[in-house]
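Beneath this line is the structure, given in C-alpha cells, with notes to follow.
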Amino acid sequence: MILGIMQPYFFPYIGYFALMRATERWIVFDTPQYIRKGWVNRNRVLSNGQRGWKYIHVPIVKCPMDTPINAVMIDPRDNWRETLFRNLDYYYDRRAPYYRQTMDFLDGVLALDQPRLSKMLSYTLKATCEYLGVEVQMQEFSAMELLLGEIRHPGDWAFEISRVVGASVYINPLGGRDLFCAERFQKAGIDLKIFKPVLLPYDQRRKSFVEGLSIIDALMWKPREEVRSMLDAYDFLL
C-alpha cells in the first residue's frame with residue numbers, strides 16, 4: 001500500500017493533488033498545531049494587482065497559539081464564501097474558459113455547513129479529487145486512534161504511521177526530505193520516496209506565468225481532464 005500524509009490545506013496547489021494521485025491511501029494529518037498565515041486556511045489566486053495574485057481564505061475564530069488544526073473553528077460571522085467568489089473576478093474579467101464550470105463546482109462544495117475547519121478542508125480535498133477523477137482512500141488522523149511508538153522527532157510521525165498502518169511505500173514531498181532516514185524505513189520494510197512535482201506552465205492570459213497557485217487557477221484555464229493529466233508530471237528523488 002502506497003501512503004501519503006499531509007496537513008489539510010485550502011484548495012492547495014497542483015503539486016498537493018499530484019502527490020495524492022501518486023498514493024493509494026491518504027491520511028489527513030489534522031492534529032499538528034495550527035500555524036497562522038500558513039496554507040491551512042488560505043491560498044492564492046490571480047489578480048489584476050501589482051503582485052499579480054491575491055489571497056483567498058477561510059476566516060477562523062480566534063484561538064490560542066497551541067490549538068491543533070482539528071480544533072480550529074470557522075468564524076460564522078464572516079460571509080467568507082461571497083468574499084471568495086468576488087476575489088475570483090480576474091477569471092471573469094479575462095474570460096477564463098472554464099470559469100462557469102469551476103464556479104459551479106466551488107458553489108456546490110462550499111455550500112457545506114461545517115463549523116470545524118479541518119472537516120471542511122477534508123471535504124473539499126475529497127470533493128476536488130472526485131471532480132478530477134483521482135481515486136484515493138482518505139482518512140483523518142485524529143479519527144484513527146493509532147497506537148504509535150514514541151515520537152521524539154518530527155520525522156517520527158510519518159515513520160510510525162507508515163509502520164502501524166502497514167504501508168509498503170511512503171511518499172513525502174521534497175520539502176520534508178531532511179526529516180527522514182531512508183535506512184530506517186528500509187529496515188522496517190517501507191520504501192521511502194521523495195516526491196517532486198513538475199509544475200508545467202499553462203496559459204493564464206498574462207505575460208508571465210504565476211506558479212504555485214491554488215488548484216482553482218488550473219481549473220479555470222484548463223478542462224479537468226487536462227488538469228488530471230498534469231497531476232502525473234512528477235519525479236521521485238529517492
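Just so you know, all these numbers are worked out from the coordinates, no wet-lab data involved. Bear in mind the structure is a predicted one, so any value in this text is a computation, not a measurement. Neighbour counts run over all protein chains shown; Cβ positions are idealised from the backbone, glycine included.
The simple Förster model, with R0 at 35 Å and r as the Cβ-Cβ distance, assigns Arg100 and Ser208 a FRET efficiency of 0.85.
Where the centre of each part is set by its Cα atoms, how far does region 1-73 sit from region 157-180, in angstrom? Taking the Cα centre of each part, region 1-73 and region 157-180 sit 19 Å apart.
Taking each of Lys126/Lys196; Lys196/Lys222; Lys37/Lys222 in turn, the alpha-carbon distance tops 25 angstrom for Lys37/Lys222. Inter-label distance, Asp191 to Ser229: 2.7 nm, where each label sits 7 Å from its Cα along the C-beta direction. Helical content of the chain, expressed as a calculated mean residue ellipticity at 222 nm, amounts to -9000 deg cm²/dmol (DSSP H runs of 4 or more residues, -39,500 (n - 2.57) each, divided by residue number, nearest 500). Amide H to amide H distances under 5 Å link Glu140 with Val28, where only residues 5 or more positions off or on other chains count and H is placed in the peptide plane.
Between Gln33 and Tyr123, full extension at 0.36 nm per residue minus the direct alpha carbon distance yields a gain of 30.4 nm.
Of the trypsin sites (Lys or Arg not before Pro) found in region 197-238, those in coil by DSSP whose Cβ has at most 15 other Cβ atoms within 10 Å are Arg205, Arg206, Lys207. Could you tell me how many degrees, from 0 to 90 and to the nearest 10, lie between the Cα long axis of helix 117-132 and the main elongation axis, the longest principal axis, of the Cα atoms of the chain? Approximately 80 degrees, to the nearest 10.
Each other residue within a Cβ distance under 13 Å of Asn87 adds +1 if Lys or Arg and -1 if Asp or Glu, for a net charge of +1. In terms of other Cβ atoms within 10 Å, Arg163, Arg36 run from fewest to most in the order Arg36, Arg163.
Put in line by how crowded their Cβ is, counting other Cβ atoms within 10 Å and starting with the fewest, Asp30, Asp75 read Asp75, Asp30. Checking [x] 155; [y] 129; [z] 146 against volume of the Cα convex hull per residue in Å³ calculated from these atoms, the matching label is [y]. Remark: Val136, Val210, Val40 ranked as Val210, Val136, Val40, counting other beta-carbon atoms within 10 Å and listing the fewest first.
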